[in-house]
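Notes follow the structure.
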Amino acid sequence: MKNTQMLLGDEAIALAAIHSGMSAAYSYPGTPSTEIVETIQREVKNDPDLDVICAWSINEKVAMEEGCGASMIGKRALIIMKHVGLNVAADPFMNMAMTGTSGGLVICVADDPSMHSSQNEQDSRFFSEFAKILCLEPVDSQECYDMTMQAFELSEQFKTPVMIRLTTRVAHSRTGVILSENKQDKKSISLPTDFKNWTLLPCNARPQYVALLEKQKDLQVYANTYELNEINIVPGAQKGVVVGGLAYPYFKECLSELKASHVRVCTYPIPDEKIKKLINAVDELYVIEEGYPLIENQLYRLIHETGKTLTIHGRNDGTFPMAGELTPDVVRKGFGLTINEEGVYPLSSLVKGRPPQLCKGCPHADTYNALNDVLKGHEQERLVFSDIGCYTLGAYPPYEAIHSCVCMGASVSMAKAAGENGLKYSVAVLGDSTFEHSGITPLLEGVSKKVPFTVIILDNARIAMTGGQERIMSEEQFIPFILGTGIDEKHVRLIKPIPKNHEENVQVIKEECEYPGPSVIVARRVCIQK
Amino acid sequence: MNKDIIFCGVGGQGVLSVASLFINAANDVGLHVKQTEIHGMAQRGGAVTSQVRVSDDPIHSPIIALGTADFIVASEPMEALRQVSFLAKEGCIISSMTPMKNIEYPDIEEVHGQIKDFKNNKLIDTAKICEEISNLRAANIILLGSLVAELNIEGLSDAIQTRIKIAFAKKGEKIVESNLLGFAKGLE
Ligand code: SF4
């Protein structure tokens, strides 16, 4: 145990990438993936000789494309994002499976089942399948470390990006890790000799797609031989269990009470041959996986191919619940094992909810107070479209200042549409970094079309919700950049949200809300946590 | 030996830091350790927990099953009550007495009363001890001392003191000393 370090899954991935000779990491912050880049930045700060490029990207699409560019010149790169970030990056992601890779390219995506800090619990394994690339799914920090190192090798071997799928409990759990002695050097530049596969014109894309389909056979063979896809046939056991992701440790905890054979799945494509062996050996099949029923839905085909008739117990038949993350209790219950429910101490009625809230003295609170004063009495002719950041907490009392939060940048697009469709007071409220991420393009639309709407940018100079990362633009760049859209200078206003400016700020917001054209208010005060 | 422990409190109270200090020390003495935590939006004054499992043998799940935790270590008394569904029948609550009133708060005497109703409980006046040792931020370290006293794992107390020295080194000798003192008070 001497050399074991306690590391977060995120930290283990960061170190593995560095030890694999990664040249650059590209990412936009998002819980629970943020600590990967923070760890790389910390390592680089402690050892500048590492010489790894690791600054935040403006959004996930850009990060994905940057990784693609690095790979094209032969460098190893790591791309990191949370699950919903992959939606933003889906366009390059899908096409990078088509171009293939030169330098090893690993895409680490962190899912958040139970939505601890997200607006949905989408399952990124579906994206790896969709793109037809290999995905590895670790369950603890040692596996995070080992699989990331393997992923760089595999990406170069199969010439496709490789996805590492994390979930919150893996990313944010600390478990022991033994680091590798064998550290690789960074790759030097090597340009492709043929540019056809990087230039996805239809005439090039068609053969590339055939080549990608061909690779599937190799990936399938790999999945069936991958050691951690373990198969264990217990003689005489009637129950078979296919277990993926974090379900595996929960399953192991009940193993002594179950007489069951099992296959563990930690690659996608799934190890079909091993699973068919299991199917042939058992009379009853359980499937537990963290996320949507992905393995489960493929089992129907595999059962069909074996010619057997078997019932599947999984999420589809309600053995395990469709929503929310797995827990040891959920897994035990699914197997019909006793759980402690009755013996559990009940929650006291004294316990009150303690939702997250804006920090005392947060600049957003002052902006919301002013905005609420302006819109009071106009409840039938106003909406405040908001976005993703600390300021989403303005939905809670005492502010109740916002009426929507959909996805990064949606505030501006939605407010623009509401404005051009006749809503009198159509207001977007979003942070400076969210604006950079996805608010710029809809603002440009609204300004060009002279739409009556108001965009309030809560400029705290930080990506505060994820821990205060720096945004892209400097303070000096910010307002000139907005003016660059061609917006009327008189309707770009700068306010300082502090209690003593309340009346003045109400006046400014009021004027711009009444103005029948596009306007932007920059409410500038630095986050008090920094 | 295996022990399952829930650290809990309110975002900003240092719950995650004290859990992290504890697991590093447990790792130092050669135990198997797993720790999971929920942060993100929880940083903003919301309820925060970190589940810690330590054992002589390899551990599978990073999450603790309901009704099986040996300890709840709470930086805030109402947060201790929030976690009781995890506590085993014979489990022990170690909690600070000091409430964090960033919400409409229940009657504090009643909260204390309910904690005292648990068979095994240690309700500690951390605020008073903090004043005695002139370090107002040492509450978690005091609770940690109290936990370590209950756990009685060989070498753990020393390992934690070493970790305290590392963790607070940047803040100066005085802070290190007062934390060590707080830890010792908790051990008593
Ligand atoms: S972290 Fe900063 S932006 Fe977020 S709530 Fe606190 S003060 Fe406001």
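Let me confirm the definition first: pairs of Lys residues in region A:231-334, 8 or more apart or on different chains, C-alpha distance under 18 Å. How many are there?
Final tally of qualifying lysine pairs is 13.
If you take each beta carbon of peptide B:80-93 and count the beta carbons of other chains within 10 angstrom, what is the mean?
Working: counts 1, 6, 7, 3, 6, 6, 3, 2, 4, 4, 0, 1, 0, 0.
Counting other chains' Cβ atoms within 10 Å and averaging over B:80-93 gives 3.
Would you give the gap between the C-alpha center of region A:499-521 and the C-alpha center of region B:67-127, rounded to a whole Å?
First find each Cα centre; the distance between them is then 47 Å.
Using square roots of five times the C-alpha gyration tensor eigenvalues, list the equivalent-ellipsoid semi-axes of region A:331-381 in whole Å, biggest first. Intermediate results must be reported in sequence, preceding the final value.
Working: eigenvalues 422, 51, 31 Å².
Those come to 46, 16, 13 Å.
Consider just the alpha-carbon atoms of chain B and return their Rg together with their Dmax, both in angstrom.
15.4, 44
On a full-extension model of 0.36 nm per residue, what is the gain between A:GLU476 and A:SER349, subtracting their alpha-carbon distance, rounded to one decimal in nm? Let's see the in-between values first.
On the way: separation 127, 0.36 × 127 = 45.72 nm, distance 5.22 nm.
Taking 0.36 nm per residue and subtracting the Cα distance, the gain is 40.5 nm.
Rule-of-thumb check for region A:355-449: C-alpha Rg over 2.2 N^0.38 Å? Intermediate values should be presented prior to the final figure.
Working: Rg = 13.0 Å, N = 95, 2.2 N^0.38 = 12.4 Å.
Dividing the Cα Rg of region A:355-449 by 2.2 N^0.38 Å gives 1.05.
Once both labels are modelled 7 Å past Cα along the beta-carbon direction, what's the A:GLN119-B:GLU177 spacing in nm?
So the label points at A:GLN119 and B:GLU177 sit 5.3 nm apart.
Tell me which residues come under 5 Å, amide H to amide H, from A:SER404 once H is placed; ignore anything under 5 positions away on its chain.
Excluding prolines and chain starts, which carry no amide H, the hits are A:SER386.
Pull out the extension gain between A:PHE126 and A:GLN238, defined as 0.36 nm times the separation in residues minus the alpha carbon to alpha carbon distance; nm, one decimal. Write out the running numbers ahead of the final one.
Numbers: separation 112, 0.36 × 112 = 40.32 nm, distance 3.03 nm.
The A:PHE126-A:GLN238 span can extend by a further 37.3 nm.
Can you give the extra length, in nm with one decimal, that the chain gains between A:VAL406 and A:LYS308 once fully stretched, where that is 0.36 nm per residue apart less the Cα-Cα distance? Spell out each step's value before the answer.
Numbers: separation 98, 0.36 × 98 = 35.28 nm, distance 4.51 nm.
Once the chain is fully extended between A:VAL406 and A:LYS308, it gains 30.8 nm.
Where does the protein assembly as shown land on Rg(C-alpha)/(2.2 N^0.38 Å)? Intermediate values should be presented prior to the final figure.
Details: Rg = 27.0 Å, N = 718, 2.2 N^0.38 = 26.8 Å.
Taking the Cα Rg and dividing by 2.2 N^0.38 Å, one obtains 1.01.
From the phi of every residue in region B:141-158, what ³J(HN,Hα) in whole Hz does the Karplus formula 6.51 cos²θ - 1.76 cosθ + 1.60 yield, where θ is phi - 60° and glycine or proline is x?
Listing the rounded values in order: 5, 5, 4, 4, x, 5, 4, 4, 4, 5, 5, 6, 9, 4, x, 5, 4, 5 Hz.
Please give the calculated 222 nm ellipticity per residue for the protein assembly as shown, where each DSSP H segment of at least 4 residues contributes -39500 (n - 2.57) and the sum is spread over every residue; nearest 500 deg cm²/dmol?
One gets -11500 deg cm²/dmol as the mean residue ellipticity at 222 nm.
How high is the relative contact order of chain A, in percent, counting Cα pairs under 8 Å that sit 6 or more residues apart? Working shown, then result.
Numbers: 1068 pairs, mean separation 59.6, N = 530.
Worked out over chain A, it gives 11 percent.
For A:VAL526 and A:ASN280, what is the calculated FRET efficiency with R₀ set at 51 Å and r taken between the beta-carbons, to the nearest 0.05? Mind dumping the intermediate values first?
Numbers: r = 64 Å, r/R0 = 1.25.
That pair, A:VAL526 with A:ASN280, gives E of 0.20.
What span do the alpha-carbon atoms of region A:231-334 cover on each of the three principal axes, reported in whole Å from largest to smallest?
33, 27, 24
Work out the mean other chain Cβ neighbour count within 10 Å for the residues of A:464-477 and drop it here as an integer. If you can, show how the numbers build up before the last one.
Values: counts 2, 4, 4, 3, 0, 0, 0, 0, 0, 0, 0, 0, 0, 0.
Mean number of neighbouring Cβ atoms from other chains: 1.
Pairs of lysine in region A:60-202 with Cα under 28 Å and at least 8 positions apart or on different chains: total?
28
Find the Rg to Rh ratio for region A:1-112, where Rh is the Kirkwood radius over alpha-carbon pairs and Rg uses the same atoms.
Values: Rg = 13.6 Å, Rh = 14.0 Å.
Using Cα coordinates only, the ratio equals 0.97.
If we sort A:493-502, A:59-68, A:100-109, A:137-146 on the protection proxy, mean other Cβ atoms within 10 Å, highest first, what's the order?
On the way: A:493-502: 15.6, A:59-68: 23.7, A:100-109: 27.0, A:137-146: 25.2.
Output ranking for A:493-502, A:59-68, A:100-109, A:137-146: A:100-109, A:137-146, A:59-68, A:493-502.
Which percent of Cα pairs goes in each bin when the distances of region B:99-155 are cut into 10 angstrom slices starting at zero?
Per 10 Å bin, starting at 0, the Cα pair percentages come out as 19, 39, 36, 5, 0.
So if I take the centroid of the Cα atoms in region A:299-323 and the same for region B:6-22, what is the distance between those two points in Å?
Cα centroid of region A:299-323 versus Cα centroid of region B:6-22: 41 Å apart.
Ignoring ligands, DNA and RNA, what accessible area per residue does region B:2-187 give at 1.4 Å, in Å²?
Values: 7340 Å² over 186 residues.
Using a 1.4 Å probe on heavy atoms only, each residue of region B:2-187 averages 39 Å².
With θ set to phi - 60° and the Karplus curve 6.51 cos²θ - 1.76 cosθ + 1.60, what are the ³J(HN,Hα) couplings of region A:77-85 in order, to the nearest whole Hz, using x for Gly and Pro?
For region A:77-85, the Karplus curve yields 9, 10, 10, 10, 6, 8, 4, 5, x Hz.
If amide H atoms are built 1.01 Å from N in the plane of the peptide, which residues on other chains or at least 5 residues away come under 5 Å of the amide H of A:VAL522?
Long-range HN contacts for A:VAL522: A:ILE457, A:ARG493, A:LEU494, A:ILE495.
Quick check: pseudo-label points 7 Å beyond the Cα along Cα→Cβ at B:THR162 and A:ASN421, how many nm apart are they?
Taking the two extended label points, one gets 6.5 nm.
Tell me the trypsin sites (Lys or Arg not before Pro) within region A:154-232 that lie in a loop according to DSSP and have at most 15 other beta-carbon atoms within 10 Å.
Numbers: sites: A:LYS159, A:ARG165, A:ARG169, A:ARG174, A:LYS183, A:LYS186, A:LYS187, A:LYS196, A:LYS215, A:LYS217; in loops: A:LYS159, A:LYS183, A:LYS186, A:LYS187.
For trypsin sites (Lys or Arg not before Pro) across region A:154-232 that sit outside H, G, I, E and B with at most 15 neighbouring Cβ atoms in 10 Å, the list reads A:LYS183.
Using the alpha-carbon atoms, what tilt in degrees (0 to 90, nearest 10) does helix A:410-420 show relative to the longest principal axis of chain A?
50 degrees
A:THR193 versus A:GLN220, label points 7 Å from Cα toward the beta carbon: distance in nm?
3.1 nm
Can you give the local net charge around A:GLU445? Use residues other than it whose beta-carbon is closer than 10 angstrom to its beta-carbon, Lys and Arg +1, Asp and Glu -1.
My count for the surroundings of A:GLU445 gives +1.
Can you tell me the FRET efficiency between A:HIS502 and A:ALA90 if r is taken as the Cβ-Cβ distance and R0 is 41 Å, rounded to the nearest 0.05?
Working: r = 43 Å, r/R0 = 1.05.
Between A:HIS502 and A:ALA90 the formula returns 0.45.
Sorted from largest down, what three extents in whole angstroms do the Cα atoms of region A:11-69 have along their principal axes?
Result, largest extent first: 28, 25, 17 Å.
Could you give the distance between the Cα centres of region A:409-426 and region A:209-262, to the whole Å?
First find each Cα centre; the distance between them is then 49 Å.
Which whole-number value in Å³ per residue fits the convex hull of the alpha carbons of region A:363-524? The partial results should precede the final answer.
Numbers: hull volume 16.3 nm³, N = 162.
Cα-based convex hull of region A:363-524, divided per residue, equals 101 Å³.
Return the FRET efficiency for the residue pair A:GLU342, A:ARG301: r is the Cβ-Cβ distance, R0 is 35 Å, and the value is rounded to the nearest 0.05. Intermediate results must be reported in sequence, preceding the final value.
Values: r = 41 Å, r/R0 = 1.16.
Calculated value: 0.30.
Give me a single rounded figure for A:173-186: the average over its residues of other chain Cβ atoms within 10 Å of their Cβ. Don't skip to the answer; put the middle values down first.
Numbers: counts 9, 13, 10, 8, 0, 0, 0, 0, 0, 0, 0, 0, 0, 0.
Average neighbour count from other chains, rounded to a whole number: 3.
Out of B:GLY155, B:GLY91, B:GLY145, any idea which swings most in a Gaussian network model of chain B, alpha carbons joined below 10 Å?
In this elastic network of chain B, the residue with the biggest mean-square fluctuation among B:GLY155, B:GLY91, B:GLY145 is B:GLY155.
Over region A:363-524, how many pairs of lysines fall under 26 Å by alpha carbon, counting only those 8 or more apart in sequence or from different chains?
Value for region A:363-524: 26.
In whole percent, and with a 1.4 Å probe on the protein chains, what portion of the accessible area of region A:139-244 is carbon and sulfur? Walk me through the numbers before you get to the answer.
Numbers: 2860 of 5260 Å².
Ligands and nucleic acids excluded, carbon and sulfur give 54 percent.
List the residues, sorted by chain then number, that are 5 or more residues from A:LEU166 or on another chain and whose placed amide H is less than 5 Å from its amide H.
A:VAL109, A:ALA110, A:ASP111
The values are calculated or read from the model by the stated rules, or taken from the named source; none is laboratory data. Quick caveat, the model's predicted, so the values are computed rather than measured. Neighbour counts run over all protein chains shown; Cβ positions are idealised from the backbone, glycine included. The protein model used for the area step is the full one, side chains on, heavy atoms only, and it has no ligands, DNA or RNA in it. Shrake-Rupley method; radii C 1.70, N 1.55, O 1.52, S 1.80 Å.
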